[in-house]
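Structure, as structure tokens:
The values are calculated or read from the model by the stated rules, or taken from the named source; none is laboratory data. Just so it is clear, the structure is predicted and the values come from calculations on it, not from any experiment. Here Cβ is always computed from backbone atoms with ideal geometry, including for glycine, and neighbour counts include all displayed protein chains. With ligands, DNA and RNA removed, areas are computed over all heavy atoms of the protein, side chains included. Shrake-Rupley method; radii C 1.70, N 1.55, O 1.52, S 1.80 Å.
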Amino acid sequence: MSGEIIVSTWSFGRRGHDAAWGALVDGGSSLDAVEKVCRVAEDDPEIDSVGWGGRPDRDGRMTLDGCIMLDPRQCGSVACVERHRHPVSMARQVMERTDHVMLVGPLADDFANACGMPEEPLLAPSARAAFDARQVGDGGAGGAGAPPIDSPSGALFPDEQRWRHHDTIGTLAIDGRGVLAGACSTSGMAWKVPGRVGDSPIIGHGLYVRPQVGAATGTGTGELVMGECGSFLAVERMAMGDSPTEACVHVLKRILDAGPIESHETVAMLALREDGVWGSASIRPGYRTSVRRHDQDEALEPHVVLLER
Ligand code: ASP
């Protein structure tokens with residue numbers, strides 16, 4: 001298999017694919033494509049788990065995380081950003097303009113200012129309303145006893161059952177020159193303890209790219225992914241000969257083997273091999289992968305689901 005491809009977590013990834021595809025097939029880079037896909041999600045107030053439409057922390061403060069990667073020597077990341085709406089673009093600036101990989105908190109926002117990026121309000125009206133509803137006991141926290149997946153009426157697309165309050169966008173692409181790139185962006189877990197950072201902006205956990213092998217990303221309970229270095233592990237498994245789907249399944253089985261998980265916890269992994277073959281797997285049902293290539297534009301069920309519910 002060859003040619004340009006973009007794969008992203010969740011059906012809302014298709015919105016970003018629509019925005020990024022034209023430039024990619026016109027000779028654009030996979031790096032630009034993955035940044036664009038994440039930026040679209042970051043700007044979309046309907047997406048309640050990424051960017052300014054995401055759910056804030058326990059105290060109503062929104063903090064965003066993101067990263068971007070071409071290879072182990074070219075990657076960038078920001079976490080706990082509070083004044084800029086596009087952590088993926090901040091991460092790219094870290095990658096391209098500094099000798100470092102990761103900047104965090106208010107000093108990462110200061111860095112974005114120095115790069116000329118505009119400060120923007122981070123709590124969308126929908127996010128504020130969700131926080132206010134939760135304060136009066138109407139918001140559903142996804143805590144003990146909550147069902148593991150949202151009702152279908154909460155879906156952006158009718159065939160998807162989204163999980164409660166955590167659905168990072170992770171996106172992987174190959175361009176016409178065969179270059180792999182990946183990016184990831186999230187508002188983190190809804191109602192998190194202030195200061196909490198999950199897997200998504202951490203290279204090797206929420207995203208990993210090794211050019212001669214492939215790339216991987218994940219969505220779901222970041223703490224579970226971090227215990228296994230999920231994306232790094234998936235790429236390593238592909239290097240050892242696993243198919244992309246087998247690599248994803250390996251990571252998820254490692255997570256389940258490590259101990260019991262709560263009913264509201266889940267993880268899905270997505271992997272793209274350097275030849276354009278991709279695969280996905282999920283611990284629980286409900287997850288979708290968005291896929292865009294020359295003859296395909298759809299959101300698909302995972303290749304493997306490990307638990308019935
Ligand atoms: N993995 C993200 C985090 O833990 C959230 C998610 O994907 O739902 O921050």
> Any idea how far apart Glu96 and Glu119 come out in nm if each label point goes 7 Å out from Cα toward Cβ?
Replying inline: 2.4 nm
>> Quick check: from the Cα gyration tensor, does the stretch 1-67 come out rounded (a/c under 1.5), prolate or oblate?
In response: prolate
> Label-point separation (nm) for Ala239 and Arg58, each offset 7 Å from Cα along Cα-to-Cβ?
Replying inline: 3.8 nm
> Once phi is turned into ³J(HN,Hα) by the Karplus curve 6.51 cos²θ - 1.76 cosθ + 1.60 with θ = phi - 60°, what whole-Hz value does each residue of the stretch 270-282 show in order, with x for glycine and proline?
Replying inline: 10, 10, 10, 7, 5, 8, x, 7, 10, x, 8, 8, 9
>> Per-residue counts of other Cβ atoms within 10 Å, averaged by peptide: what ranking do you get for 50-56, 28-34, 69-75, highest first?
In response: 50-56, 28-34, 69-75
>> Probe of 1.4 angstrom, ligands and nucleic acids ignored: what's the accessible area per residue over the chain, in square angstrom?
In response: 38 Å²
> Going by the alpha-carbon gyration tensor, a ≥ b ≥ c the square roots of its eigenvalues, is the stretch 201-309 rounded (a/c under 1.5) or, if a/c is not under 1.5, prolate (a/b greater than b/c) versus oblate?
Replying inline: oblate
> So what's the Cα pair-distance distribution over the chain, bin width 10 Å, in %?
Replying inline: 7, 32, 38, 20, 3, 0
>> Using only DSSP helix segments of four residues or longer, with each worth -39500 (n - 2.57), what per-residue ellipticity at 222 nm results for the chain after dividing by its residue count and rounding to 500?
In response: -8500 deg cm²/dmol
>> Run the simple label-point estimate for Gln296 and Gln212 please: 7 Å along Cα→C-beta, distance reported in nm.
In response: 2.7 nm
> Between Arg73 and Leu107, what length comes free when the chain is fully extended (0.36 nm per residue of separation minus the Cα-Cα distance, one decimal in nm)?
Replying inline: 10.0 nm
> Taking the alpha carbon gyration tensor of the stretch 184-232, what are the square roots of 5 times its eigenvalues, largest first, to the nearest whole Å?
Replying inline: 22, 10, 8
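Classify the stretch 190-263 as rounded, prolate or oblate from the Cα gyration tensor: take a ≥ b ≥ c as the square roots of its eigenvalues, call it rounded if a/c is under 1.5, otherwise prolate when a/b beats b/c and oblate if not. Intermediate values should be presented prior to the final figure.
Numbers: a/c = 2.93, a/b = 1.49, b/c = 1.96.
It is oblate, given that a/c is not under 1.5 and a/b is not larger than b/c.
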> Probe 1.4 Å, all protein chains in place: accessible area of Glu223 in Å², nearest 10?
Replying inline: 90 Å²
>> How charged is the neighbourhood of Glu246? Take every other residue with its Cβ under 14 Å from the Cβ of Glu246, and add Lys/Arg as +1 and Asp/Glu as -1.
In response: +2
>> I need the phi-derived Karplus couplings for the stretch 173-179: 6.51 cos²θ - 1.76 cosθ + 1.60, θ = phi - 60°, integer Hz, Gly and Pro marked x.
In response: 8, 10, 9, x, 8, x, 7
> Given 0.36 nm per residue, what is the gain on full extension from Val304 to Ala129 after removing their alpha carbon distance, in nm?
Replying inline: 59.4 nm
> Just by accessible area at a 1.4 angstrom probe, what is the order of Val304, Val267 from largest to smallest?
Replying inline: Val304, Val267
>> Need one value: the accessible area of Thr186 in square angstrom, 1.4 angstrom probe, rounded to the nearest 10.
In response: 10 Å²
>> Could you tell me the relative contact order of the chain? Use alpha-carbon pairs under 8 Å, at least six residues apart, and round to a whole percent.
In response: 22 percent
>> Among 103-111, 58-66, how do they line up by average Cβ neighbours within 10 Å per residue, starting with the highest?
In response: 58-66, 103-111
> How high is the relative contact order of the stretch 192-259, given as a whole-number percent (alpha carbon pairs under 8 Å, six or more residues apart)?
Replying inline: 27 percent
>> Accessible area of the stretch 261-309 with a 1.4 Å probe: how many percent of it is carbon plus sulfur?
In response: 39 percent
